1. Checking residue 156 against (1) on the phi < 0 side of the Ramachandran plot; (2) open to solvent by less than 50 Å² (accessible area, probe 1.4 Å); (3) not β-branched (Val, Ile, Thr): exactly one of these is not met. Which one?
2. Output yes when any residue across the range 303-322 is modelled with pLDDT under 90, of a type in the set (D, E, K, R) and more than 22 Å from residue 145 (Cα to Cα), and no when none is.
3. Of all residues in the range 292-340 being open to solvent by less than 10 Å² (accessible area, probe 1.4 Å) and of a type in the set (Asp, Glu), which is nearest to residue 173 (Cα to Cα)?
4. Scan the range 5-58 for residues that are charged (D, E, K, R), open to solvent by 40 Å² or more (accessible area, probe 1.4 Å) and out of contact with any Ser or Thr (no Cβ under 6 Å at 6 or more places or on another chain) and report the count.
5. Taking only the range 77-115 into account, find how many residues are more than 26 Å from residue 313 (Cβ to Cβ), open to solvent by 10 Å² or more (accessible area, probe 1.4 Å) and not small (Gly, Ala, Ser).
6. May I ask you to say which residue of 265, 252 is open to solvent by 50 Å² or more (accessible area, probe 1.4 Å) and not hydrophobic (A, V, I, L, M, F, W, C)?
7. Name the one entry in 378, 345, 388, 358 that is outside any strand (DSSP E or B) and buried (at least 16 other Cβ atoms within 10 Å of the Cβ).
8. List the pairs whose first member sits in the range 225-251 and is farther than 17 Å from residue 115 by Cβ and free of Cβ contacts under 8 Å to residues at least 40 places away in the same chain, whose second member is of a type outside the set (Gly, Ala, Ser) and open to solvent by 70 Å² or more (accessible area, probe 1.4 Å), and whose Cβ atoms are under 8 Å apart, counting only residues at least 6 apart or on separate chains?
Amino acid sequence: MTNHELHRQLSLVDWDFIERASLDISAIHWYPGSFAPGLPGVLVDLLSAPGETVFDPFCGIGSTAVASILRGRNSVSCDISPVGVMSGLATTGLISLLLSNQTLFEQVFDDLHAMIEEIHTPNVLLRHSTRSGEAVDEHLIRFGGSSVDNVFARLFKPIAIESLRKWYHPLTLMDLQRLIEQLEAASFSRFCKIVGFTMISAIARNTSSETRSWGHVADNVRPSEYTYKDVAKSALLWIQRTKKQISGVRGSLSRMPSGQTFDFSIVDWTDEQPNFIKTPATLLLTSPPYGGAIDYGLAQRLTMYLMGTSEDDLARMVGAEIGARRKRSRPTHIEVWAKELVGAAGAQLKWVTSDGYAVFVMPHKDHGRDAGELMLKAVLAAKGWELAFSADRSVRQSRTRQSWTSIKKETILVFRGGK
């Protein structure tokens, strides 16, 4: 495709994405600052071909990975947030199961549903037959490589009970703890347990006593009163909603892709040089953290505590986040963010083919963060990457859950390799 043809096709896109996409994975697990549901799919369609690999180094909850496998592409995803990586793997793995073996897909939900009913039914001993066993994990190993190992190792640690007491009614916390214990003890596939922990993570904030916004949780604004929430009811609703959301993608596909691989890893780009991509990607597609915008780790602090993360470890993770809000007190925090951003981008481009594409969704210059865009353009130009297209888009607050950051506009930058 010539640059003129590329520019013409990209110019025809309504980048505000007014129409609702067929699948919004933020309904499966909330996450601040996630992609507009339709955005990654359009870029994957236009800038890659079936069978190629798409790389998202700041993957969040895996929107790029989901768009990729639904379009017959392989995907590689990583993030510093174990919550994002866990939920991304859960969603992508479930879609992969659905596309190749609907029976296995349904077995995962059946087992989780039976476990919750067993907990929810008082004074009755139910023994459900476990079905999501070796076949599910064999599928995940075949198509997801070491992703299950990467995520599972972070789960089922002793929960940070003292930190959690500040956010939950005592009986609600007891129910959450019991649910985690039952999930750990169940004879499920490991992937089913990852989906189960994702379910617990997805309901962690709504079952807490501080439900005004994720920003209150991130800023450590404790509940003024404690209200009991029904954990089992929330979990059952999550299963119903998630199964319906993911099942619906079959009807939206003109052809059924199969055999796509995916990989999820937890990576801190500020001090690591990972070596996990077997085949170079033809498309890098990501929305890096915006300077001074969001503390992703603190926004997910309740799940981090349920994963057994201490206050000190949580603080260290937030300190390593590129552009974390907690760094805004430093006079040069935007410059530091920009330098960390382009340093990470340089490392990430090593995993992209020389004739490929790199797409960065950046904060608009109106928000005082244009240093990142300017520095990124300069560094990529020096490496032989040409800016082939750029466009501004409006951010719909209700869709992206970014109201806490007041980000109203973004800029999409499409770079093309110099071959």
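1. (1)
2. No, the conditions are met nowhere in the range 303-322.
3. 295
4. Count: 6.
5. Residues that pass the stated criteria total 9.
6. Of 265, 252, the one residue that is open to solvent by 50 Å² or more (accessible area, probe 1.4 Å) and not hydrophobic (A, V, I, L, M, F, W, C) is 252.
7. Exactly one residue qualifies, and that residue is 345.
8. Matching pairs, first to second residue: none at all.
The values are calculated or read from the model by the stated rules, or taken from the named source; none is laboratory data. This is a predicted model, so every value here is computed, not measured. For neighbour counting, all protein chains shown are included, and Cβ atoms are generated from backbone atoms with ideal geometry for every residue, glycine included. Quick note on the areas: whole protein, heavy atoms, side chains included, nothing else; ligands and nucleic acids left out. Shrake-Rupley method; radii C 1.70, N 1.55, O 1.52, S 1.80 Å.
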